[in-house]
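Here's the structure, in structure tokens; my notes come after.
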Amino acid sequence: MKALSIQNLRKTYKGGFEALKGIHLEVEEGDFFALLGPNGAGKSTTIGIISSLVNKTSGSVSVFGYDLDTQLVDLKRQIGLVPQEFNFNQFETVRQIVVNQAGYYGVPRHVAHERAEHYLKQLGLWDKRNNAARMLSGGMKRRLMIARALLHEPKLLILDEPTAGVDIELRRSMWDYLEEINKQGITIILTTHYLEEAESLCRNIAIIDHGEIVENTSIKRLLATLNRETFILDLSGEGEQAVKPELEGFTMRQIDDHTIEVDVVKSQGLNKVFDQLSAQQIKVLSMRNKANRLEELFVDLVERGRSNKSAAGA
Amino acid sequence: MASSFNLVALKTIWIKECTRFLRIWVQTLVPPAITMTLYFIIFGSIVGERIGDMSGRPYMEFIVPGLIMMSIITNSYSNVASSFFSAKFQRNIEEMLVAPVSTSVIIAGYVGGGLARALIVAVIVTVVSFYFVDNVSINHLGILVLTVILTSTLFSLAGLINAVYAKTFDDISIVPTFVLTPLTYLGGVFFSVTLLPGVWETIARFNPILYMVNAFRYGFLGVSDVNISAALAVIVVFNVAFFITAYTLLQRGVGIRS
């Protein structure tokens, strides 16, 4: 069954701005799906329409077979939304926020209290249950929004930039938690600016730009199309003197006395780089990708889409 | 199933609303007690003794129902207006919009909050009035209760409509300042409308608050400047009109959905 099916979805805001230009998107049940795109591409509008916070102009949306136009109540029950902005009452306590949210979904109060304890403990917020939400740190507020979205036990969890402003340790613990609930059967749709996050968590991906889907495939397949990668190598020569290697057949840039940046085309492989450096008595101390692999593809896809448009316009 | 779900959602909104105004009781429950005490002292004790009787009752006794009604009107209005606008402003209204809560339940929950605050304030003001009036009698309990509920519902709905249109906090104080307060003062709280000369009495009878104050006074003292059936009919008609307006606005997502 499709967790989400979007057909020819369009949104034109008052004033004429066309945020979505007829997008098609399908997400399978159980998937961990990334929706990526630059700022203003249409991600939040898409999420807003699915969660009925934004009125669509035309097109159809269904969640687990429930149609947005004709079965809105059933559709809403399937979805848990973690929005980008903090949108809870800052003066309510952590427990009030989650228990009330469950109540809006018809969960009886005593059940809501039991579930609140369960999810707040899982997300490390139980000790803060009687604190006003405004007293929480940024990371705790993010986790509070996840707990709130889970309390009515949705089948589809939509997270709009869930780890924005969260430190790396907390971000990784949130990733673990999301992976865990995905394994338990909850379908997850994620938008993020941390492409490393999408690469490590998600199985499938759609890239949206200027209100159009420019790519929709599996992460594996997308990464396989990456033809060139840039590596940064930290080098060591003899003594403290500067290392100035020469690499035949590769584009190379010297960053400082002991660091170089090398562009490697997939067909070339890295062995040739190491062979040439060894021949020049240069040791490679460490090596890393200049950018996340998905980031390189993302930038490439978005730029390609824009240059195609300018060419068509010219 | 649907009805029990709606009941849970309604109870949740109502509890949330009551928790809100009880949490800030110094701002919501204390000021009406102080304001009304001042009205009783100044208009009742100091000025009232020189006025004598009004509609066959001592002036202090005459103004008690009007002052209670004034508190009910302002508190039900401001409770819903400020709470709904704050929810819009902080965007926590989205918590309800993403959930399968029906528009009628949202309206009923907010109105229930306004009604609860208005009733608590009414009790506080009535208790305060005991200090100034020797004998507070109730002549028609049914009409009194009905008028309180209908009036509070009406002004809760009005506050909700105001909050839907409001874009800033200033917008929710414009209506109380420029419309509600003048209409309340001219609605027969402090005087009998029959004292007004000719055309002014006719004009005053177009003020809907006059009917609410008089219906409530009738419940207390058994005296009224207007026909009670007509008064209740006016309040019911306004309730229906305001509910339809509020329902249509929320259903269309005016001010809350893009």
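Determine the calculated [θ] at 222 nm for the protein assembly as shown from helices alone, applying -39500 (n - 2.57) to every DSSP H run no shorter than 4 residues and normalising by the residue count; nearest 500 deg cm²/dmol.
Helix contribution divided over all residues of the protein assembly as shown: -16500 deg cm²/dmol.
Take every pair of alpha-carbon atoms less than 8 Å apart whose residues are at least six positions apart; their mean separation over the length of chain B yields a relative contact order of 26 percent.
Each Cα pair under 8 Å and six or more residues apart adds its sequence gap; the mean of these over the residue count of the range A:228-293 is a relative contact order of 49 percent. Positive-end ranking of A:GLN96, A:THR217, A:ILE205 along the dipole of chain A, with charges on Cβ about the Cα centre, is headed by A:GLN96.
Taking the charge dipole of chain A about its Cα centre, with +1 at Lys and Arg Cβ atoms and -1 at Asp and Glu Cβ atoms, the residue from A:HIS258, A:VAL54, A:LEU190 reaching farthest to the positive side is A:VAL54. Candidate cross-link partners of A:LYS141 among the lysines, defined by an alpha-carbon separation under 17 Å and a same-chain spacing of 8 or more, comprise A:LYS121, A:LYS128.
Which helices of chain B meet both criteria: a Cα extent of 27 Å or more along the helical axis and a mean Kyte-Doolittle score no lower than 1.0, with helices taken as whole DSSP H segments?
On the way: long enough: B:2-23 (31 Å, 0.39); B:59-89 (44 Å, 0.85); B:103-132 (44 Å, 1.87); B:141-165 (36 Å, 1.99); B:228-252 (36 Å, 1.76).
Those that clear 27 Å and a mean of 1.0 are B:103-132, B:141-165, B:228-252.
Cβ-to-Cβ counts within 10 Å put B:THR245, B:THR126 in ascending order as B:THR245, B:THR126, the fewest first.
If you place +1 on the Cβ of every Lys and Arg and -1 on the Cβ of every Asp and Glu, how big does the dipole about the Cα centre of the range A:160-218 come out, in debye to the nearest 20?
Values: 4 positive and 13 negative charges, 48 e Å.
Dipole about the Cα centre, nearest 20: 240 debye.
Projecting label points 7 angstrom from Cα along Cα→Cβ for B:ASP170 and A:ASN39 puts them 2.8 nm apart. Cross-linked pairs A:LYS155/B:LYS16; A:LYS14/A:LYS56; A:LYS11/A:LYS76; A:LYS21/A:LYS290; A:LYS11/A:LYS155: Cα-Cα separations exceed 23 Å for A:LYS155/B:LYS16; A:LYS21/A:LYS290; A:LYS11/A:LYS155.
Output the relative contact order of chain A, whole-number percent, from Cα pairs under 8 angstrom with separation of 6+ residues.
Working: 552 pairs, mean separation 58.1, N = 314.
Here the relative contact order equals 18 percent.
Considering only beta bridges that DSSP places wholly inside the protein assembly as shown, some 70 percent are antiparallel. Cβ-to-Cβ counts within 10 Å put A:TRP175, B:TRP200 in ascending order as B:TRP200, A:TRP175, the fewest first.
Put in order of Cβ neighbour count within 10 Å, fewest first, the listed residues A:MET135, A:MET140, B:MET70 become A:MET135, A:MET140, B:MET70.
Bear in mind that the values in this text are calculations on the coordinates, not laboratory data. Quick caveat: nothing in here was measured; it's all calculated off a predicted structure. Neighbour counts are summed over all protein chains in view; Cβ atoms, including those assigned to glycine, are modelled from backbone coordinates with ideal geometry.
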